[in-house]
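Reading through the structure tokens given below for one structure.
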Amino acid sequence: MKKVIRKRRTLKLTGVIFVMFMVSFVVFLGSSIFLRSYNVSMNYTKYQLEAQISKMKAENEVLKFDVRELGNYDRIANIINAENMTVNETNVRVIED
């Protein structure tokens, strides 16, 4: 019967470098895909917030106009006259922005 002689394999430096290169390449691809998708989701959130801000600004302008219109002295005087009240000038105040 013949003896089976097994040789021990040793990793060569080029094999280690190749494995490290492949691992780093896979990590690079994974991180670039993750960062790109994260960037897309952040941009989508940014545009949603900008749209919400512009909507709120328009709503604020409408509300400011309503406040000016409701605080108009002529309107208040008409309401007072319609209800047959008297006006005490010291108690009437108009607040503006």
Residues satisfying the stated conditions in region 78-93, i.e. at pLDDT below 80 and either surrounded by 10 or more Cβ atoms within 10 Å (Cβ to Cβ) or among the charged types (D, E, K, R) (or both): V87, E89, V92, R93
Positions within region 25-75 being of a type in the set (K, R), within 30 Å of N88 (Cβ to Cβ) and without any contact (Cβ under 8 Å) to a residue 12 or more places away in the chain, in sequence order: R75
Verdict on F18 being in a helix (DSSP H, G or I), at pLDDT 95 or above and either within 27 Å of the chain's Cα centre (by Cα) or of a type in the set (A, V, I, L, M, F, W, C) (or both): no
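The values are calculated or read from the model by the stated rules, or taken from the named source; none is laboratory data. Just so it is clear, the model here is predicted, and its values are computed rather than measured. Note that we place each Cβ from the backbone using ideal geometry, even for glycine, and neighbour counts take in every protein chain shown.
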